Every structure is written in structure tokens, then in C-alpha cells.
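Have a look at the structure below, then the notes.
What follows draws every value from the coordinates through simple rules; no lab data is involved. Values in this document were obtained by computation on a predicted structure and should not be read as measured data. Quick reminder, even Gly has a Cβ in these numbers, built from the backbone with ideal geometry, and neighbours come from all protein chains shown.
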Amino acid sequence: MRNLFLIGLVATLLFASCQNEAKKETQSIDTIGTPPEPTKDSLTKDTLIPPPPPKAANDGDALDFLAMDNPPKYPGGVNEFYKFLGQNLKYPAVAAAENIQGNVFVSFTIEKDGSLTDIKVDRKLGGGTDEEAMRVLKLSKKWIPGTQDGKPMRVKYKMPIKFVLAN
């Protein structure tokens with residue numbers, strides 16, 4: 001038993017002494033300055049070039065919903081919009097017969113006057129659900145437009161519309 005203990009102790013010490021003891025070198029920075037401007041000759045494939053600053057939104061550009069100071073709203077709020085969808089969506093007969101369920105992902109632009117334009121299906125489900133989602137969005141009343149710096153702006157909006165069969 002004692003020999004077994006000694007063999008284990010020696011093996012542990014042997015493995016512990018086999019570690020790589022590479023020295024870690026650190027450099028100190030004496031002064032911090034601004035880096036020199038890159039020249040044509042100093043650029044390599046590893047040189048990081050900062051991205052251009054974001055361009056100012058033109059009046060006709062549609063902004064992303066998340067980039068808004070004051071995003072557009074459906075009159076009465078998001079719950080009213082879901083209520084509107086629930087009251088107006090009709091489950092397509094083909095989708096019901098084929099037990100098609102899931103999400104139709106749509107995108108649209110909310111104009112400066114609150115109307116919906118550029119209604120598109122980004123991810124289809126089939127069985128007539130895509131067409132039904134577009135039909136109902138075209139029935140939507142005008143939204144309260146989003147504003148940026150106090151001015152009404154066109155805003156891109158994306159959302160899923162869920163189709164589920166009742167049991």
C-alpha cells in the first residue's frame with residue numbers, strides 16, 4: 001500500500017513539473033497619442049478602417065422601426081392592432097384542409113400620413129395564408145406616424161402574423 005502511495009506521489013510531482021514556464025512579456029506605454037493618418041502605402045489587409053458615419057436620413061428614406069425617436073403606433077396601441085387582426089383574418093380553406101399552421105412574416109412601410117405601403121410577405125407559409133395576411137394589412141386604418149427630430153418619417157416595419165387552427 002505504501003509503495004502504491006509513493007508511486008502516485010511521484011507521478012503527480014512529475015506531471016506538475018512538466019508545465020511550460022514561458023515568460024509573459026509586457027510592454028509599457030509611456031505616452032498615448034493619436035495614431036498617424038493612414039497613407040496609401042501604409043494600408044495592409046489587416047488595417048482596420050473605421051466605418052463611415054451614418055448618413056442623415058433624407059425625407060424620402062424609410063427608417064428602421066428600432067432607429068426611431070418616436071416610433072409609429074396603431075391607434076389604441078398594439079393590443080388594438082392584434083384585436084383588429086383577430087377580427088379580420090379569415091383562415092383560408094386550403095390551409096385549414098391541409099392543417100397548415102405557423103407564421104407569415106410580413107414587412108410594410110408606414111408612410112408620413114400613417115398609411116401602409118410596400119406590403120410584402122418576407123417568409124411564406126402557403127395555403128393562402130400569405131395572401132390573407134396581405135389582404136388584412138391593406139384593410140388597416142392609418143397609424144400614428146413615427147417622428148424623428150419632430151418631423152414625421154416613413155418607417156419600415158416587420159412582424160409575424162400567426163395562423164393557428166382552433167381545436
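Quick rundown of the values:
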item	result
Gap separating the Cα centres of segment 132-159 and segment 90-129, nearest whole Å	15 Å
Ranked Val164, Val136, criterion: other C-beta atoms within 10 Å, fewest first	Val164, Val136
Dipole magnitude of segment 62-163 about its Cα centre (Cβ charges: Lys, Arg +1; Asp, Glu -1), debye to nearest 20	140 debye
Set Lys73/Lys141; Lys112/Lys162; Lys73/Lys156 screened for pairs whose C-alpha atoms are more than 23 Å apart	Lys112/Lys162
Contour minus Cα-Cα distance for Asn103 and Gln148 (0.36 nm per residue)	13.1 nm
